[in-house]
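The values are calculated or read from the model by the stated rules, or taken from the named source; none is laboratory data. Just so it is clear, the model here is predicted, and its values are computed rather than measured. Reconstructed Cβ throughout: ideal geometry from the backbone, glycine too, with neighbour counts over all protein chains shown. Note: areas computed on protein heavy atoms with side chains; ligands, DNA, RNA excluded. Shrake-Rupley method; radii C 1.70, N 1.55, O 1.52, S 1.80 Å.
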Amino acid sequence: MLDAPPPPPDAACEDESTCRGVFMEFMTKVARFEELAESGNRLLARFYQELEYFRRPPIPTESDVMKQILKSNCTGRMRSYLEAGCRLHCQNISNINQLRSCEEGLKDHINKVKALLEELECLVEDVYSITLTASLSALEVSDSHSIDNNLTTEPCIMEGVSTVQEDDKSADQLDSDVSFVSVMVMVRNMLKLDYTMQEKIVSALSLKTPSSELQGYCLVWDLRPFIDDNVMHLAWKMCP
């Protein structure tokens, strides 16, 4: 049995220009957005851990238990460590480097997400344009059929049936295109809100950020309250 010949280039271009083709490209970029959100979440959690370790308090020496422990291990190394505020110079340098690395990583993350959102916005505009053109074409065809029916005194039954079938097919395709547009707009809007939240969190980070605020930032970034799971499930379900 011979293999089927590959589709002609014109057919491939036509598929890419359809709402379904644009929608698939859109969802591919949405998947990339999700990957970036996860990596950004890990960077934020690492920043929080490094900052908490950097700001850790000295060993409390007031309790009787700690006094006994320190007394039984009263070496020159331990005394130097306590006098330095329970800090080692090499550890401080490592903490600062890690914090700087996390900050740079988060800023780079924001730039990548912003660029990705711009690409998603362009795809939404493309699919909206395709749907608008299809809608106008459907209206023109409908008006043309109405005029023909009025001018024809003895219409052909078979031609009428064929026209109805074509109209039904066009209407179904238009309904499908409108569904793609609606879902893309909803997903785009959710991702924009999610990006805005991430941008505000990253811009608010500093060595003076209170621990309670950092915990809150990590929590909301992980929860992503602006993302509706039901809408996302619907969008992925619409992928063939």
| query | How many of the residues in region 30-78 are crowded, with 16+ Cβ neighbours inside 10 Å, modelled with pLDDT of 85 or more and either of a type in the set (A, V, I, L, M, F, W, C) or in contact with a Gly (Cβ under 9 Å, 6 or more places away or on another chain) (or both)? | reply | 11
| note | Going through (1) modelled with pLDDT under 80; (2) in a helix (DSSP H, G or I) one by one, residue 105 fails only at (1)
| task | Go through (1) open to solvent by 70 Å² or more (accessible area, probe 1.4 Å); (2) at pLDDT below 55 and name the single condition residue 145 misses. | result | (1)
| task | For region 200-215, state whether one or more residues are closer than 29 Å to residue 26 by Cβ, modelled with pLDDT of 95 or more, open to solvent by less than 50 Å² (accessible area, probe 1.4 Å) and assigned to a helix (DSSP H, G or I). | result | yes
| query | List pairs: first in region 229-240 and under 12 Å from residue 23 (Cα atoms), second in a helix (DSSP H, G or I), Cβ under 6 Å, 6+ apart or cross-chain? | reply | 235/183; 235/187; 239/27
| field | region 175-186 - residue that is open to solvent by 40 Å² or more (accessible area, probe 1.4 Å) and among the aliphatic types (A, V, I, L, M) and, of those, modelled with the lowest pLDDT | value | 178
